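Read the structure below first, then the notes.
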Amino acid sequence: MESKQLVYEGKAKKLYKTDDADLLLVQYKNDLTAFNGQKKATEHGKGALNNQISSLIFNVLQTKGIPNHWVKQLSEDKQLVKHTNIIPIEVVVRNVSAGSLAKRLGLSEGDLLSQPIVEFYYKDDELGDPLINEDHIRLLDLVESSVLLNMKELAHQVNLVLIDYFKQCDLRLVDFKLEFGFDSNGELMLSDEISPDTCRLWDIHTNQKLDKDVFRQGIGSVDEAYNVVLERLKGAVSHG
């Protein structure tokens, strides 16, 4: 699939047009950012790791009937996806207390939550992607209430699938971020990526962090952590 004009460049990916108007080529970048872009670095090979990890995860979700934009992996750092119009809401699902949730509510990191929590964030870099609720979403007219409910239900379904999938890899799914969009037929589906950049993943036995917190907190090698995740996911697929 030939890539053509660059249509979007974000913190972690570049999106290119292809000869099919309904398909985009995604190239994963080696850039790392944290704290709303205040901390930046480049890690050679990180883009390839995230591309391969995200491809494996999206493929698993498709086999479980969860609609997403992924079509196929093209190379180590490129994949083909359906073109979607992104809804400017980040959906975060939390299973274990960590990050901003622990700070906001005074919880201890690592506490298992009595039930998964779903949060919404307004996707706006200038505003720092603020936490919003359903009333804010209606006020800003970001999406219809019925679609938001569908997004929340899909997020819970994704959570159940991924908890089981990662458990097979001796990984605990602490929390993760999802983005949704509409394809050319108006179907709601998962978009963006699902990778250690967008998930908190801990070793199920040791609680070793194997995600972007390694970079945020300066506690190890991003390349080594992401490689552990990729190899474990590959192992789960080969034994599945």
Over region 1-57, the set of residues touching a Ser or Thr at 6+ places or on another chain (Cβ under 6 Å) and not in a strand (DSSP E or B) is MET1, LYS11, ASP22, ASN30, ASN50, ILE53, SER54
Applying the selection to region 70-91, what residues are open to solvent by less than 10 Å² (accessible area, probe 1.4 Å) and outside any strand (DSSP E or B)?
ILE87
Residue list for region 139-159, restricted to those being open to solvent by 80 Å² or more (accessible area, probe 1.4 Å) and outside any helix (DSSP H, G or I)
ASP141, GLU144
Name the pairs: first residue in region 14-38 and over 27 Å from ASP183 (Cβ atoms), second residue open to solvent by less than 30 Å² (accessible area, probe 1.4 Å) and in a strand (DSSP E or B), Cβ to Cβ under 6 Å, at least 6 apart or on different chains?
none
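Search region 1-60 for residues being of a type in the set (Val, Ile, Thr) and open to solvent by less than 70 Å² (accessible area, probe 1.4 Å), and hand back the single one that is nearest to LYS123 (Cα to Cα). Explain how you work it out, then say what you get.
Step one: list which residues in region 1-60 are of a type in the set (Val, Ile, Thr), which gives 7, 18, 26, 33, 42, 53, 57, 60.
Pick out the ones that are also open to solvent by less than 70 Å² (accessible area, probe 1.4 Å) and you get 7, 18, 26, 33, 53, 57, 60.
Values: VAL7: 18, THR18: 26, VAL26: 20, THR33: 16, ILE53: 23, ILE57: 23, VAL60: 26 Å.
Among them, the one singled out is THR33.
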Neighbours by Cβ (under 8 Å, 6+ apart or cross-chain): first from region 211-231, over 14 Å from GLN38 (Cα atoms); second acidic (Asp, Glu) and surrounded by 20 or more Cβ atoms within 10 Å (Cβ to Cβ)
ASP211/ASP197; LYS212/ASP197; ILE219/ASP213; ALA225/ASP211; VAL229/ASP211
It is to be established whether one or more residues within region 127-137 are part of a strand (DSSP E or B) and without any contact (Cβ under 8 Å) to a residue 60 or more places away in the chain.
yes
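Condition check ((1) crowded, with 23+ Cβ neighbours inside 10 Å; (2) touching a helix residue (DSSP H, G or I) at 6+ places or on another chain (Cβ under 9 Å); (3) β-branched (Val, Ile, Thr); (4) touching a residue at least 40 places away in the same chain (Cβ under 8 Å)) across all residues:
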residue: VAL161; (1), (2), (3), (4): no, yes, yes, yes
residue: ASP170; (1), (2), (3), (4): no, yes, no, yes
residue: ASN185; (1), (2), (3), (4): no, no, no, no
residue: MET189; (1), (2), (3), (4): no, yes, no, yes
residue: SER195; (1), (2), (3), (4): yes, yes, no, yes
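The values are calculated or read from the model by the stated rules, or taken from the named source; none is laboratory data. For clarity, every value in this text was computed on a predicted model and none was experimentally measured. No Cβ is skipped: glycine too gets one built from the backbone with ideal geometry, and neighbour counts run over all protein chains shown. Surface areas here come from the heavy atoms of the whole protein model, side chains and all, with no ligands, DNA or RNA. Shrake-Rupley method; radii C 1.70, N 1.55, O 1.52, S 1.80 Å.
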